[in-house]
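Visitor: Shown below is the structure under consideration.
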Amino acid sequence: MHEIAQRAKPREKTMGNRAESCTWSSPLITAGIVVSLFLGGFALSPTIAAPRTAETEKTADKKNAEQYIELVRRDLRQDRREIIGEALALNPTEAEAFWPVYERYEAELNRLGDEKLALINDYADNYKTMTEAKAGELTRKAIDLDILRTSLLQQYLPQFQKVLTNRRAAQFYQIEMPLLKIVDLQIAAQLPMMP
């Protein structure tokens, strides 16, 4: 995986009298490849062929979903720092100011991720016996979590702008927002459609 990231070197394009680096595309491509590899590995993993009752099937499905989601979250958390660091190419002064703010933001983002995992578990528990009321409740909670995550991005913008510049903070958001969507899409792809 890291070999792929190493090969995806930033290219330069010339604009007038200056050369401009196009580093933002290679980290996003790398992130897509990383997540695709996770999805491919998960889809290809062998399953136990023993007969399953409805209860054991429900438990196994929930456990598989939890393991997959945790895998995606943990590995992307690790790779995300590398992707952001490579794309932003922070100088030592910027890095010293940026990473503590990012760590606080990431801790709050992880807390929201834990709430999303609890919501997914709730969905898994009720998937086969979904009522109208439960479907409405789960939908409201999912929307509320998306709003909270957007609010978190909004809340931290002034802090990132303070330790970087407006332009550099915008670059960070250009990287961070698609990475969040990649995780969402990969997790959503593993959840069955509500009956």
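Visitor: Using the structure shown, decide if Glu176 is under 16 Å from the mean Cα position of the chain (by Cα), acidic (Asp, Glu) and either surrounded by 14 or more Cβ atoms within 10 Å (Cβ to Cβ) or assigned to a helix (DSSP H, G or I) (or both). Before the answer, list the steps.
Guide: Numbers: under 16 Å from the mean Cα position of the chain (by Cα): yes; acidic (Asp, Glu): yes; either surrounded by 14 or more Cβ atoms within 10 Å (Cβ to Cβ) or assigned to a helix (DSSP H, G or I) (or both): yes.
So Glu176 passes the test.
Visitor: Taking region 74-123, which residues are of a type in the set (Phe, Trp, Tyr) and in contact (Cβ under 8 Å) with a residue 12 or more places away in the chain?
Guide: Filtering region 74-123 down to residues of a type in the set (Phe, Trp, Tyr) leaves 98-99, 102, 105, 123.
Within region 74-123, Phe98, Tyr102, Tyr105, Tyr123 qualify.
Visitor: Then there's this: So, Ala124, is that one touching an Asp or Glu at 6+ places or on another chain (Cβ under 7 Å), in a helix (DSSP H, G or I) and either more than 30 Å from Asn166 (Cβ to Cβ) or open to solvent by less than 40 Å² (accessible area, probe 1.4 Å) (or both) or not? Don't jump to the end; show me each part of the working.
Guide: Details: touching an Asp or Glu at 6+ places or on another chain (Cβ under 7 Å): yes; in a helix (DSSP H, G or I): yes; either more than 30 Å from Asn166 (Cβ to Cβ) or open to solvent by less than 40 Å² (accessible area, probe 1.4 Å) (or both): yes.
Taking the combined requirement at face value, the residue satisfies it.
Visitor: What is the one condition in (1) open to solvent by less than 60 Å² (accessible area, probe 1.4 Å); (2) more than 14 Å from the chain's Cα centre (by Cα) that Ile182 does not satisfy?
Guide: Going through the list (1) open to solvent by less than 60 Å² (accessible area, probe 1.4 Å); (2) more than 14 Å from the chain's Cα centre (by Cα), Ile182 breaks only (2).
Visitor: Among (1) under 25 Å from Leu164 (Cα atoms); (2) open to solvent by 20 Å² or more (accessible area, probe 1.4 Å); (3) modelled with pLDDT of 95 or more, which single condition is Glu82 missing?
Guide: Of everything listed in (1) under 25 Å from Leu164 (Cα atoms); (2) open to solvent by 20 Å² or more (accessible area, probe 1.4 Å); (3) modelled with pLDDT of 95 or more, Glu82 misses just condition (3).
The values are calculated or read from the model by the stated rules, or taken from the named source; none is laboratory data. This is a predicted model, so every value here is computed, not measured. Note that each Cβ is placed from the backbone with ideal geometry, even for glycine, and that neighbours are counted across all protein chains shown. Remember, those area values only see protein heavy atoms, side chains included, never the ligands or the DNA or RNA. Shrake-Rupley method; radii C 1.70, N 1.55, O 1.52, S 1.80 Å.
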